[in-house]
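Here is the structure we will look at, set down as structure tokens.
Where a number appears in this text, it was derived from the coordinates with a stated rule and is not lab data. This is a predicted model, so every value here is computed, not measured. Here the Cβ is made from the backbone with ideal geometry for all residues, glycine too, and neighbour counts use every protein chain on show.
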Amino acid sequence: MNRSHLFRRVQTSLLCVLLIAGLTACHRTVYRQHAGEVFHTTYHIQYNAKEDLLDEIVARLDSINASLSMFNPQSTLSRINQAPAGWVDISDDRLACLLIGKALEISRLTDGAFDMTVAPLVNLWGFGYQKDSQPSRQRIDSIMDFTGYRRIDLDRASGRLYKSDSRCSLDASAIAKGYACDVVAELLESRRIGDYLVEIGGEIRLSGHNAKGEIWKIGIDRPMDDPMAAHRELQSVLQLTGKGMATSGNYRNFYLQGNRKIAHTIDPKSGQPAQSGLLSATVTAPDCLTADALATAFMVMGTEKAARLADSLPDIDAYLIYSDEQGDFQTWCSTPLQDCLKELK
């Protein structure tokens, strides 16, 4: 082989390598962006992929809504809630089985601070099918006779759920958005997509990097009473990847009853809206479902108990915003999460 021919081959090979590298670089910056509505809230999804997966994403979200919506009489959750006492076969719904199984694990972990059976209490206080109400202690106690996570059980092997009382019903609203983030993330990862952010109603699952090649930056809202989110301010910013993240607070979904603030987080043990100085709980976990459920539980538990539990759990971190005795905002942050905090600009 003469030198000129060899040079042309090397030159051609180098050109191919540069072309492939260029195409790969272009591929890395093709970020799809989708926005829409689901579960009576909004979603925003970004991912780095050549293929547009919107139709499949919407199909997954629709399947979760068909499974877990309390407002759809044909959903698996509605079927459970309408069933008499005894065993209910839900083996045909993998999504519902996985979610309820995980929910029961977190109920046990938090000693009932997270509890899907609070549905009748949520409704009683005006955050379900009813509007504002002022229930009596007697009415609350009568409902608590058939609430509590120990009143249900799940046989995972057979896909059957047990209800000890026909009036027992489940509310998935405190966990469904986080679960949906995980389901969409699993779809993206099944297509070998490593850079994505899935946000549904404020709950987030993320991986890899953003379109600038940077680790994702997520803002945490300052907990100001603002139901319409018209005057949002950031309290902090976290730089995260490979995590699920959820925030729960009582500064969006509430109503006033005289001078009393009635917030949507119900304490399963008292049957009343949770009352503590904890204003906002942000949780990071390996998956968003766990983060979502724990954020709700932490709001029920209050600052000190939530901080102790977060410190005791591997792979779980929290950023808590609470009000001190003078009414000023204070924060508590898990040690591993402190390195992820970024200065506000």
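Suppose R0 equals 30 Å. What FRET efficiency, 1/(1 + (r/R0)^6) with r the Cβ-Cβ distance, do residue 33 and residue 239 give to the nearest 0.05? Calculated value: 0.90. The string of couplings for the stretch 134-147 from the Karplus curve (6.51, -1.76, 1.60, θ = phi - 60°) is 9, x, 7, 4, 5, 5, 4, 4, 5, 6, 5, 5, 10, 10 Hz, one whole number per residue in order, with x for Gly and Pro.
The H on the amide N of residue 165, modeled in the peptide plane, is under 5 Å from the matching H of 86, each at least 5 residues off or on a different chain.
Here the 3J(HN,Hα) profile of the stretch 308-313, calculated from phi with Karplus coefficients 6.51, -1.76 and 1.60 at θ = phi - 60°, is 5, 5, 4, 5, 8, 9 Hz, Gly and Pro shown as x.
Give the cross-link partners of residue 50 among the aspartates and glutamates, using a straight C-alpha distance below 18 Å as the criterion and excluding same-chain residues fewer than 8 apart. Straight-distance partners of residue 50: 186, 189, 195. Rounded to the nearest whole angstrom, the semi-axes of the ellipsoid equivalent to the stretch 83-171, taken from the Cα gyration tensor as √(5λ), stand at 25, 14, 12, largest first. With a Förster radius of 22 Å applied to the C-beta separation of residue 211 and residue 189, the computed FRET efficiency comes to 0.75.
In straight-distance terms, cross-link reach from residue 342 covers every one of the lysines whose alpha-carbon lies under 18 Å from its own, apart from those fewer than eight places away in the same chain; here that gives 212, 217, 243.
Sorted ascending by nearby beta carbons within 10 Å, beginning with the fewest, 106, 140 become 140, 106.
Neighbours of residue 168, meaning other residues whose beta-carbon lies under 13 angstrom from its beta-carbon, give a summed charge of -1 when Lys and Arg score +1 and Asp and Glu score -1.
Peptides 298-308, 54-64 ordered by packing proxy, namely the average of other Cβ atoms within 10 Å per residue, highest first: 298-308, 54-64. A cut-off of 5 Å between modelled amide H atoms, ignoring neighbours fewer than 5 places along the same chain, links residue 242 with 206, 207, 208.
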